[in-house]
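Chemist: Let me give you the structure first, and then I'll get to my questions.
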Amino acid sequence: MNTEKVTNHIVNWLKDYANKAGVKGFVIGVSGGIDSAVTSTLCARTGLEVLCLEMPIHQAPSQVNRALNHMEWLQKNYSNVNMTKVNLTPVFESFLAAVPDVSNEEDRFMSLANTRARLRMSSLYYFAALKSLLVAGTGNKVEDFGVGFYTKYGDGGVDLSPIADLMKSEVYALAEHMGVHQEIIDAAPTDGLWGDDRTDEDQIGASYDELEWAMHHLEKQDHNDELSVRQTEVLRIYNKLHNANLHKMIPIPVCEIPASLKNHV
């Protein structure tokens, strides 16, 4: 991949889209992870207004520090970047106090993890409407179109997706090219929705390199390769998640009413 040409292509695409939409720029949630770091840097390179939000909800200090360090680096290098910290922990706690307890703790934890993502989405759109900005998504191709590893109407609720056609390895390549902090590049990917140190790999059961392999393998016409035990397991994980999360990747189903029923008197 030609990282310079890909970077310029995305930056020009962002700039053109924003200009056609008649908005001032972009708002991005910065988590301290690689995807949001790359997306925010690409947006910064447009020269348009960029607002970076850090939205902690019982966040690990290491994640918060990486996010703040990245936003400070952006401001140092790009005069069009501003940053705001919105502490959503009290909002999350108020929601938690308002909803009834449930007996199944596992389901409750999953639901609350998704609630965190949706609170952040609401915050992003608050600032987007306030300042005439577009919400820039941070999902990569493996997450958005492979295993659907994102929250519907949470981090999946965006106006445009600059890096959604890039594999995770390609996102890392752009990070290196644009000078993103090494601490972000070295950090284990995590969605930060659980209030602990679990990584994406812990949740998925496979690394992003393995998931990329699965995507490439399934795109091939010839599937006669002899697979190892681990490769077979990775394909099982990939297919299971892809099928379970397919509802996130396709347009919302619409019940179409036959004209004969509508026109019936």
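Chemist: Would any residue of the stretch 21-51 have its amide N under 17 Å from a label point 7 Å out along Cα→Cβ of E201? List them or say none.
Modeler: 33-35
Chemist: If you stretched the chain out fully between A60 and T3, how much longer would it get, using 0.36 nm times the residue separation minus the C-alpha to C-alpha distance?
Modeler: Gain in length upon complete extension: 17.4 nm.
Chemist: Under 14 Å from a point placed 7 Å out from the Cα of E183 along the Cα-to-Cβ direction: which residues of the stretch 30-46 have their backbone N that close?
Modeler: 31-34
Chemist: List the lysines whose Cα lies under 23 Å from the Cα of K131, skipping any in the same chain that are fewer than 8 positions away.
Modeler: K15, K20, K24, K76, K85
Chemist: Given 0.36 nm per residue, what is the gain on full extension from L246 to S111 after removing their alpha carbon distance, in nm?
Modeler: Between L246 and S111, full extension yields 46.8 nm more.
Chemist: Here's another thing I want to ask about it. Ratio to report: Rg/Rh of the stretch 126-201, with Cα atoms as the point set and Rh obtained by the Kirkwood method; give two decimals.
Modeler: Rounded to two decimals, Rg over Rh is 0.99.
Chemist: Based only on the alpha carbon positions, what is the Kirkwood hydrodynamic radius of the chain, in angstrom?
Modeler: About 19.9 Å for the chain.
Chemist: For K220 and E256, calculate 0.36 nm times their separation in residues minus their Cα-Cα distance, and state this gained length in nm to one decimal.
Modeler: 9.4 nm
Chemist: Taking N as the number of residues in the stretch 24-88, what is its Cα Rg relative to 2.2 N^0.38 Å?
Modeler: Normalised Cα radius of gyration, the stretch 24-88: 1.01.
Chemist: Would you calculate the separation in nanometres between label points at D16 and D209, each defined as 7 Å from the Cα along the Cα-to-beta-carbon direction?
Modeler: Result for the modelled spin labels: 3.5 nm.
Chemist: Here is a further query. Give me the log10 of I(q) over I(0) for the stretch 14-134 at q = 0.10, 0.13, 0.17, 0.22 Å⁻¹, as the Debye formula computes it from C-alpha points; what are the numbers?
Modeler: Once normalised to I(0) and log-transformed, intensities are -0.35, -0.56, -0.86, -1.22.
Chemist: Check the straight Cα-Cα distances from K248 and name the lysines below 26 Å, setting aside those fewer than 8 residues away within the same chain.
Modeler: K141, K152, K168, K220, K240
Chemist: Per the Kirkwood formula on distinct C-alpha pairs, the Rh of the stretch 148-189 is how many angstrom?
Modeler: Value: 11.9 Å, from the Cα pair sum.
Chemist: Would you look at the GNM of the chain, springs on alpha carbons closer than 10 Å, and say which of A60, A97, A18 moves the most?
Modeler: A97
The numbers here are math on the coordinates, done by the rules we state, and not lab data. Note that the coordinates shown come from a computational prediction; the quantities given were computed from them, not determined experimentally. FYI the Cβ positions are ideal-geometry reconstructions off the backbone, even for glycines, and counts take in every protein chain you see.
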